[in-house]
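Read through the structure below, which is laid out as structure tokens, and then see the notes.
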Amino acid sequence: MEFKILVLVKQVPDTANLSGDVMQEDGTVNRSKLPAIFNPEDKVALELALQVKDKYPNSKVSVITMGPPRATDILRECLYMGADEAYLITDRKFAGADTLATSYVLSEAIKKLGHFDLIFGGRQAIDGDTAQVGPQTAEKLNLPQVTYAQQILDITQTHISIKRKIEGGTEVVKAKMPVLITVIKEAAFPRPFSAKRVMAYKSAKSLLELEKLVEGNSLLYIDTLTQEYKDKGLFIPTFTMDELQLDPDKCGVKGSPTKVYKVESVVLASKSHELFEPSKTAISNLIDRLMADHIFG
Amino acid sequence: MENISKDVFVFVEQNRGIPADVSFELLTKGRKLADKLGGELKAIVLGYNVEDIAKETFTYGSDECFLVDHPELKYFRTLPYSNALGDLILTYQPRIVLFGATIIGRDIAPRLASKTKSGLTADCTDLQISDVVYLKQDYKDLLLQIRPAFGGNIIATIITPDTKIQMATVREGVMQKIPVSNPKTHKITKIEYKPSEVDNLVEVIEQHIEEKKVNLKAAPIIVAGGYGMGSKENFRLIHELAKTIGGEVAGSRAAVDAGFITPDRQVGQTGVTVRPKLYIACGISGAIQHRAGMQESNKIIAINNDPDAPIFSIAHYGIVGDVTEVIPMFIEAYKNKLK
């Protein structure tokens, strides 16, 4: 058996490490001011896909991301982990996309890439926590979906059995392929980069990166350079809005029904609290107070 | 936009015939929104042998309940459920559709938003109706979808001004369910289930429901630890304090991410919302997501070595100090009282 597998990945700002001037006046995020990382659950999704390939080595694992040019970094990381090929979907006109506009672009790109038996993605990205892009992409591709996947139990030529999380427990579902699956972080532990693959793919480059090389060097020509990288298997195909023949009204801010109306920095209503010294006597007094209020005892 | 509906729909979810609390919380909120809009509140119940749940929706203020009752709907499955719900939504074109931000709600709401080309905001902490001026245009009676965003550093108000249908999901416990004294109607409208060839692309083979071991929502006293506890070893102090004073143990998301505590004990926007008599926050800085889950506690004690930690702004009592020193003192002082 062999399977064609696609993994949806996203580069996300590391929300745990926020600093100033990250928020812009219109309420969107200036991502260039933030450290960017591989969205953790997407990495788990890639690991699950690679585990299927480990078992059925003739399978092919492709990854796709929509993002700014620097998202190529996580595509290289996918190659280091074991992905066979990686695609970058990038265009300034995608900026400000909400989940609906994002799922439109992804679903159209996926249609152009061809047929996949299994599409994996993380349940949600840590920058928005919405968990919407997976189901919305599935809807646009007319595919069934299995969200909150925790474990692959069995795969046959036509079906995949999955243990998924439900409220208060788990359930086992059997889905007919093709199907889109979103995975939670408990599903797998992503493998480390293979040293051999890092050596092989560290110079893999997207079209935009090659164009930058050409800009700084009059001896290089983009066509020959691209061909050279393709021949070496180091070219990361890149698609823009026009190349995918997308409807500009459905992309980016224009294609996003949700608008940020107002953003308020969190100002704390400074309610006065009573301070107690970190000493045994003071804490003992506090406990007396709580007992008098019938909170204790 | 002319001839636009003023109705609010709430998807009332259930599993094994047990309705989710959040659905009734949404009906209570939906009642207020519908009154503000001058429209009706309608509940949607899907399942098998679930007419009792349809009846219960009137207790929480619905004017009408759409009931789709069929053996194929016994277990939640995305495609049969989203087909039935999608048909209802497209037929009636309500102004607002609300879902619980549960696993089921977060599975089906995005699918329906995509299908009906509606705006959808996840995990709202508040919903309001208001007139809005956006990009110099006037909009009447829009749904303000309010949620913390971006690591809790901001509160964002999201609107979907150009879609007829506005959708939102809300976490369980964020809003309160309040029964109405005299339900106005008991109008159940039965909708026929239309089978489709895609229904069985995904089949539920078996379900395993674990006994709910933790019930933070019912605990009168909660002792919660955060990332500031420093290590799993130090986190034992939280358990010790909770045991001493008869409380339940909880944690912030940072404590869960750090592996100090299991996710079923997480308090906050992406965890459980609690309103205990006493909440003791130890080594919790108090990001808005965490505060959203506990700020309505009757009394809050904050213990933190950073006097500027936001948690102090909502605390009634504060102790600025090292948690590993303060908690043992607290335990000892409490034990002394019992002697």
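Throughout, read-outs are computed from the coordinates displayed, never taken from laboratory work. Quantities reported herein were computed from a predicted structural model and do not represent experimental measurements. Methodologically, a virtual Cβ is constructed for each residue, glycine included, from the backbone with ideal geometry; neighbour enumeration extends over all protein chains shown.
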From the backbone phi of the range B:296-304, what are the Karplus-calculated ³J(HN,Hα) couplings (6.51 cos²θ - 1.76 cosθ + 1.60, θ = phi - 60°) in whole Hz, Gly and Pro given as x?
-> 8, 4, 4, 10, 10, 10, 10, 10, 7
Work out from phi, with θ = phi - 60° and the Karplus expression 6.51 cos²θ - 1.76 cosθ + 1.60, the ³J(HN,Hα) of each residue of the range A:97-113, listed in order in whole Hz, and give x for Gly and Pro.
-> 5, 8, 5, 5, 5, 5, 5, 4, 4, 4, 5, 5, 5, 5, 4, 6, 6
Of the listed links A:174/B:177; A:10/B:232; A:163/B:29; A:185/B:232, those spanning more than 27 angstrom between alpha carbons are A:174/B:177; A:10/B:232; A:163/B:29
Among the aspartates and glutamates, which have Cα under 14 Å from the Cα of residue A:4 when same-chain residues fewer than 8 positions away are ignored?
-> A:54, A:84, A:85, A:117
List the GluC sites (Glu not before Pro) in the range B:1-63 that DSSP assigns to loop (not H, G, I, E or B) and whose Cβ has at most 12 other Cβ atoms within 10 Å. Which are they?
-> B:2
Set the Förster radius R0 to 25 Å, insert the Cβ-Cβ distance between residue B:186 and residue B:134 as r into 1/(1 + (r/R0)^6), and round the FRET efficiency to 0.05.
-> 0.05
In peptide B:309-321, how many Cβ atoms from other protein chains are near each Cβ within 10 Å, on average?
-> 5
Rank B:177, B:213, B:277 by mean-square fluctuation in a GNM of chain B with C-alpha springs under 10 angstrom and give only the top-ranked residue.
-> B:213
Which whole-number percent is the relative contact order of chain B (Cα, under 8 Å, 6+ apart)?
-> 14
Pull up all non-local amide H partners of residue B:154: gap of 5 or more, or a different chain, and H-to-H distance under 5 Å with H placed in the peptide plane.
-> B:149
Pull up the cross-link candidates among the lysines for residue B:136, meaning alpha carbon to alpha carbon under 16 Å and not fewer than 8 places away within one chain.
-> A:259, A:262
Residue with peak Gaussian network fluctuation, chain B [Cα springs, cutoff 10 Å], from B:43, B:309, B:109 | B:309
Go ahead and estimate [θ] at 222 nm for the protein assembly as shown from helices alone: -39,500 (n - 2.57) per DSSP H run with n ≥ 4, summed, over the residue count, rounded to 500.
-> -9000 deg cm²/dmol
Counting partner chain Cβ atoms within 10 Å of every residue's Cβ in A:114-127, what's the average?
-> 1
Comparing A:115, A:159, A:273, which has the greatest mean-square fluctuation in the GNM of chain A with Cα pairs linked when under 10 Å apart?
-> A:273
Can you pull the mean other chain C-beta count within 10 Å for peptide B:114-120?
-> 5
What lysines could a cross-link reach from residue A:232, if we take a straight Cα to Cα line under 22 Å and drop same-chain neighbours fewer than 8 places away?
-> A:60, A:196, A:202, A:205, A:212
